[in-house]
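The values are calculated or read from the model by the stated rules, or taken from the named source; none is laboratory data. Not measured: the values here are computed from a predicted model. Cβ placement follows ideal geometry from the backbone for every residue including glycine, while neighbour counts extend to all protein chains displayed. Protein only, heavy atoms only, side chains kept; ligands, DNA and RNA dropped before computing areas. Shrake-Rupley method; radii C 1.70, N 1.55, O 1.52, S 1.80 Å.
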Amino acid sequence: MTLTPTAPEAVGAQLEAHLRSRRAAGRKLLVPYVTGGYGDDWVDVVRAVADAGADAVEVGVPFSDPVMDGPTIQRASELALAAGATPGSILDQLHGSDAGVPLAVMTYYNIADHWGLERFASELAGAGVCAAILPDVPLEEVGPWTAAADAAAVETVLLAAPTAPDARLERICARARGFVYAVGLLGVTGARSALAATATEIAGRCKAVTDRPVLVGVGVSDAAQARQACTVADGVVIGSALVDRLLAGEGPDGAARFVAEVRAALDAG
Amino acid sequence: MADPTVRLTDPGDAGRFGDFGGRYVPETLVPACQELEAAFRAAWVDPAFRRELDDLLRDYAGRPSPLTECHRLSEQLGLRLLLKREDLNHTGSHKINNVLGQALLARRMGKTRLVAETGAGQHGVATATAAALLGMTCTVYMGEVDIERQALNVFRMRLLGAEVRPASSGSRTLKDAVNEAMRDWVATVGDTHYCLGSVMGPHPYPWMVRELHRVIGDEARAQCAALLGADGDGVPDVVTACVGGGSNAIGIFSGFVDTRAELVGVEPAGGAAVGRGVPGVVHGSRSYLLQDEWGQVLEAESISAGLDYPGVGPEHSWLADVGRARYEQVTDAEVIEAFQVLSRTEGIIPALEPAHALAWILRASDELSGRTVLLNLSGRGDKDVGQMMDVLADRLAEERP
Ligand SMILES: Cc1ncc(COP(=O)(O)O)c(C=O)c1O
């Protein structure tokens, strides 16, 4: 299926509304992850994957100690930090990047906390970022952040992991905004040769308790796996598999080719 | 003046010590932390569990550890120096107290594998030891830099049947070993217990590890009462310990927090989280943390692998804020001096970590004049002899006739 390009008015609209409307149009959702500040052309990469069929883009703001990330994203983060990237410089560059799709930022709590939660939320909003993902802030600790984020109209995506009992999943899905990030496996980010059985399982469990978009991330590594995850999920987040290509020097064109390939597989599904 | 009304309390479901602590972990680990907290709460009030742990501490680890009065050094310094001899425990440091408790708890929870981080290798050796004792498998993460400077302990861990995996990212020291251990646990949480080595990390670790080291302070309190009781209230004037994550320090502090004793934690100048950090969140809790202007965690730099850590346990941050403990800093050069002083004057080769606390005593001997000072000698120096051989080679050569 084809969709008309996103109208400019939709940019900066809330992530969840955007994803819901695309889902309603029968589309499977694709959110690539790009490490902010890795490579001089990283903003071009964001635009390229958006043009290649992403429904939103997740931009990583590198942290020195990314405990939820495997070797690929660790490496890209380290290189970005070594090149001088800061949360400030990344948001500056995102501002006016004109990607044409909603942007979400993924970072760790200390980055937000150190800047100041209110300030960080308003900086995100000011840079045109709709949503935030803080993978080391579980439900019990998220209150201070969601208060700041809600006030700035920044949506807080929450992770739902296979280890959560049903009652906990329900509470997570109720508090999440933007989408529910269903963690596809027990483990950290990184490409895997096959989709874990837990991927469709956790997607199904989430979808049973929420009508928010449910995207599977962590360990979704290629077009076939994305399609398989989307037999149950509303969409996928693809991180390490894309960043591996960037680390290999494929640049915006290579990133776009990969995303287009996944897009085509999802649309053919 | 020390405030004897302060208490080290149960931090509750939220795991808070004032503003510090909490449970900042990936969602995957939350149920595991909750399960661990519930298991520890149940075990800690279960007489059968306590008896099994106490038996192991006595018959296997060699507790109680003695209290040694340093007559020669006391005379030289013009004070009364007492050592709590955690260096005499099985495996050579205080770490075994915590590890035996966690390993028993892990077994009770049906876990078959232990994963741990280690800096100096003492916690790794202790964990490998407990795993061997209880027939569990064990993986220890250690920074590449530390693998090099603590080669002997790496060999020990392997001898004990543990797998030692290098942490090769970031500063390649303790901080990165913690990252790797947490990543491992995220992937293996079903059958694996993360045997964290200090009073840091997500709730319930800071509290649980403190409770498991409380035995140091409880013993020392009774030993001081016996030794000093005739002359006064049986309490030393000052209680001091080195602080990396802060487990040996909180262990001995817990026996004296409700007394008039002054509590002094000693940090390495290159890793002084309380002394030079600002509150932040890493490795599961909020605490003082060395970080840059954007909140990136800085690399610590210390001669001692066990203290080479940019954070500190949250309860220490709280003790500092409420003023019940104070935190001093010493340089590597002062530590090298203290390491030799204790060796030559008392015939006790200390680990580099507790040599930090002695280094502070040497520097502060004027302030401490005439007072009774209890130092937690958290470990023995065997592991550091190789490293110190290089450091001291020139100096010893010069002294040769
Ligand atoms: C002998 C000894 N003391 C102290 C420490 C530091 O840990 P903590 O501050 O938790 O006591 C270590 C850590 O490796 C150690 O080996």
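For residue B:80, the residues 5 or more places off, or on other chains, whose built amide H falls under 5 Å of its own are B:370, B:371, B:372, B:373. Quick note on the stretch A:100-159: its Rg to Rh ratio, both from C-alpha atoms and Rh being the Kirkwood radius, is 0.92. Association of chains B and A removes close to 2900 square angstrom of accessible area from solvent, both sides included, for a probe radius of 1.4 Å. Bridging of residue A:207 to lysines at a Cα separation below 26 Å is possible for A:28, once same-chain residues fewer than 8 apart are set aside. Dividing the C-alpha radius of gyration of chain B by 2.2 N^0.38 Å, with N its residue count, gives 0.91. Across the accessible surface of the stretch A:28-268, with the other protein chains kept in place and a 1.4 Å probe, carbon and sulfur atoms take up 50 percent. Database remark: amide H of residue A:158 closer than 5 angstrom to the amide H of A:177, A:179, A:181 (H placed geometrically; neighbours at sequence offset of 5 or more, or on other chains; Pro and chain starts carry no H).
Around the amide H of residue A:236, modelled in the peptide plane, lie the amide H atoms of A:29, A:30, A:31, A:216, all under 5 Å away and 5 or more residues distant in sequence or on another chain. Evaluating 6.51 cos²θ - 1.76 cosθ + 1.60 at θ = phi - 60° for every residue in the stretch B:194-205, the Karplus couplings come out as 8, 8, 6, x, 8, 7, 10, x, x, 3, x, 4 Hz, glycine and proline recorded as x. Of all the options B:283, B:94, B:356, the one that moves most in a Gaussian network model of chain B with Cα springs shorter than 10 angstrom is B:283. Per-residue extension of 0.36 nm, minus the Cα-Cα distance of residue B:395 and residue B:35, leaves a gain of 124.3 nm for this segment. Mean separation of Cα pairs under 8 Å and 6 or more residues apart, divided by the residue count, gives the stretch A:28-268 a relative contact order of 23 percent.
Remark: the stretch A:28-268 carries 31 Å² of accessible area per residue (probe radius 1.4 Å; ligands, DNA and RNA excluded).
Using C-alpha pairs under 8 Å with a sequence gap of at least 6, the mean separation divided by the residue count of chain B gives a relative contact order of 21 percent. Run through the DSSP bridge list for chain A and note the antiparallel percent, rounded to the nearest 5. In chain A, approximately 0 percent of DSSP beta bridges are antiparallel ones. List the residues of the stretch B:10-24 for which accessible area in the full set of protein chains is at least 50 Å² lower than for the chain on its own; 1.4 Å probe, protein heavy atoms only. The answer is B:24 - residues whose exposure falls by at least 50 Å² when every protein chain is included. Computed from the C-alpha gyration tensor, the three semi-axes of the ellipsoid equivalent to the protein assembly as shown are 49, 24, 22 Å, from longest to shortest.
Divide the volume of the convex hull around the Cα atoms of the stretch A:28-268 by the residue count and you get 104 Å³ per residue. Applied to the stretch B:15-25, the Karplus parametrisation 6.51 cos²θ - 1.76 cosθ + 1.60 on θ = phi - 60° returns per-residue 3J(HN,Hα) values of x, 9, 10, x, 7, 9, x, x, 9, 9, 10 Hz, with x for Gly and Pro.
Per-residue shielding of A:80-89, expressed as the average number of other chain Cβ atoms within 10 Å of the residue Cβ, stands at 2.
The phi torsions of the stretch A:112-119, fed into the Karplus equation with coefficients 6.51, -1.76 and 1.60 and a -60° offset, translate into couplings of 5, 5, 5, 6, x, 4, 5, 5 Hz, rounded to whole numbers, with Gly and Pro shown as x.
Burial of accessible area (probe 1.4 Å, heavy atoms of protein chains only) in the stretch A:37-66, relative to its chain alone, reaches at least 20 Å² for A:63, A:64, A:65. Summed over the residues of the stretch B:185-283 and divided among them, the accessible surface reaches 21 Å² per residue at a probe radius of 1.4 Å. Among the residues of B:273-286, the average count of other protein chain beta-carbon atoms within 10 Å of the residue beta-carbon is 3. In this structure, the pairs whose alpha-carbon distance is over 24 Å, taken from B:111/B:383; B:84/B:175; B:84/B:383, are B:111/B:383; B:84/B:175. With a 10 Å cut-off around each Cβ of A:113-120, the average count of Cβ atoms from other chains is 3.
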